[in-house]
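The values are calculated or read from the model by the stated rules, or taken from the named source; none is laboratory data. Computed from a prediction, not measured in an experiment: that's the story for all the values here. Here the Cβ positions follow ideal geometry from the backbone for every residue, glycine too, while neighbour counts run over all protein chains shown.
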Amino acid sequence: MRVAVIGAGGWGEQHARVFSGRADTELVAVVGRTPEKTAARAARYGATAYTDLDRMLEAEHPDLAVVCLPNELHFATTLRLIEAGVPLLVEKPLVFDLGEADVLLAAAADRDLFFALNFNHRYAEPVQRARAAIEAGELGQVVFATWRFGGEGGAGGTANANLIETQCHGFDLLEHLVGPITSVVAQMTATTDTVALALEFANGAIGTMLGSYDSSYAYPDSQVVEINGTVGRAVIRDTVRELELSSVGDPVARVWRAGYFDDEGRSFVGTVDRHVDAVLAALRDGEPPPVHARAGKRALQLAHAAIRSHERGERVLVGPGSGAIG
């Protein structure tokens, strides 16, 4: 399968690494904005460098394109690739604007085009084990869920960037583990770089999210998820570092950590490799993406509901999968 990576930044390198290192894919192109940087990246991974997207499409005819541009620059390039009929895997966030999300999804649907989004947190070993425990009834009825994720800000500087480009993982993962969110109440700092949300879920559970660009990824437990049920609890620390499962009344917990030789299990970037496995299997079998781009719009809907809540000083209702309704 011929793959083109659009973007020569940090996450573009991770995707170049993944697709150049597989036996079932060939990295044929790296497309970037800076000629020298793009040429160096392409040479490192045995691909051809391009600074013109249309020239790449004409020359390479990729079977899959991966969009890894700066967060604010996804829309135009993604739309051009959709119009060219190229199956897609796009880095989060999908876009910042709900209208643009609708345009992309409609254009892809018109062409029945494969359109995947890289919510790779779902593929972390602790997350997959926690989901299995929830589905097996080991936690009972979920009563509350918490998400905390704090680090340094990115370079974009767009308003509400922390909420849209980083806490999108939290919206997606909480719905993945607990179910649809139905209402949001928000508090934010003056810069909106730190946000605190109160959530309600369709199944009656409640939740909280705390996200910040005023913290540091160097701190231990910079990312923590807790799912608390009537008979048990799951706690995920730093996405890939640890899962702790506890039962009501039992002071002894079960803990998963990657073993001595399991470097892949403790690697955050390894979650991309796992997701790519699932993406390629679905694409080859003619199946929908394992994480459709609609999940990116859903996270954006929830982020905009939080923004609206903060601006109005009130609770905002959110229809499952259909956007804010109040």
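Of the residues that make up the range 105-121, is at least one among the basic types (Lys, Arg), at pLDDT 95 or above and either closer than 15 Å to Ala293 by Cβ or not in a helix (DSSP H, G or I) (or both)?
To start, the set of residues in the range 105-121 that are among the basic types (Lys, Arg) comprises 111.
Then keep just the ones that are at pLDDT 95 or above; that gives 111.
The next check asks that each one be either closer than 15 Å to Ala293 by Cβ or not in a helix (DSSP H, G or I) (or both); those that pass are 111.
Checked against the condition, which is being among the basic types (Lys, Arg), at pLDDT 95 or above and either closer than 15 Å to Ala293 by Cβ or not in a helix (DSSP H, G or I) (or both), the range 105-121 yields at least one hit.
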Query raised in the report: If you go through the range 180-198 one residue at a time, how many are within 15 Å of His169 (Cα to Cα) and in contact with a helix residue (DSSP H, G or I) (Cβ under 7 Å, 6 or more places away or on another chain)?
Result: 3
Report task. Select the strands (runs of 3 or more DSSP E) contained entirely in the range 23-97, then report the ones holding at least 2 residues which are in contact with a Phe, Trp or Tyr (Cβ under 9 Å, 6 or more places away or on another chain). Result -> 26-31, 64-67, 88-91
Query raised in the report: Is one or more of the residues making up the range 8-27 surrounded by fewer than 16 Cβ atoms within 10 Å (Cβ to Cβ), more than 27 Å from Glu287 (Cβ to Cβ) and out of contact with any Pro (no Cβ under 8 Å at 6 or more places or on another chain)?
Result: yes
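Yes or no, residue by residue, for (1) more than 30 Å from Asn160 (Cα to Cα); (2) among the aliphatic types (A, V, I, L, M); (3) not assigned by TED's automatic domain parsing to the domain that holds Val240:
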{"site": "Tyr260", "(1), (2), (3)": "yes, no, no"}
{"site": "His275", "(1), (2), (3)": "no, no, yes"}
{"site": "Leu302", "(1), (2), (3)": "no, yes, no"}
{"site": "Ile307", "(1), (2), (3)": "no, yes, no"}
{"site": "Arg315", "(1), (2), (3)": "no, no, no"}
Report task. Return yes when Asn203 is in a loop (DSSP other than H, G, I, E, B) and more than 21 Å from Thr166 (Cα to Cα) and no when it is not. Result -> yes
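Consider the range 32-59. How many of its residues are within 14 Å of Arg2 (Cα to Cα) and crowded, with 19+ Cβ neighbours inside 10 Å? Explain how you work it out, then say what you get.
Within the range 32-59, the first condition is being within 14 Å of Arg2 (Cα to Cα), and the residues that meet it are 45-48, 56-59.
From what's left, crowded, with 19+ Cβ neighbours inside 10 Å: 47, 56-57.
Residues flagged as within 14 Å of Arg2 (Cα to Cα) and crowded, with 19+ Cβ neighbours inside 10 Å within the range 32-59 amount to 3.
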Report task. Kindly indicate the residue of the range 247-262 that is more than 27 Å from the chain's Cα centre (by Cα) and of a type in the set (Gly, Ala, Ser) and also surrounded by the most Cβ atoms within 10 Å (Cβ to Cβ) among those meeting that condition. Result -> Ser247
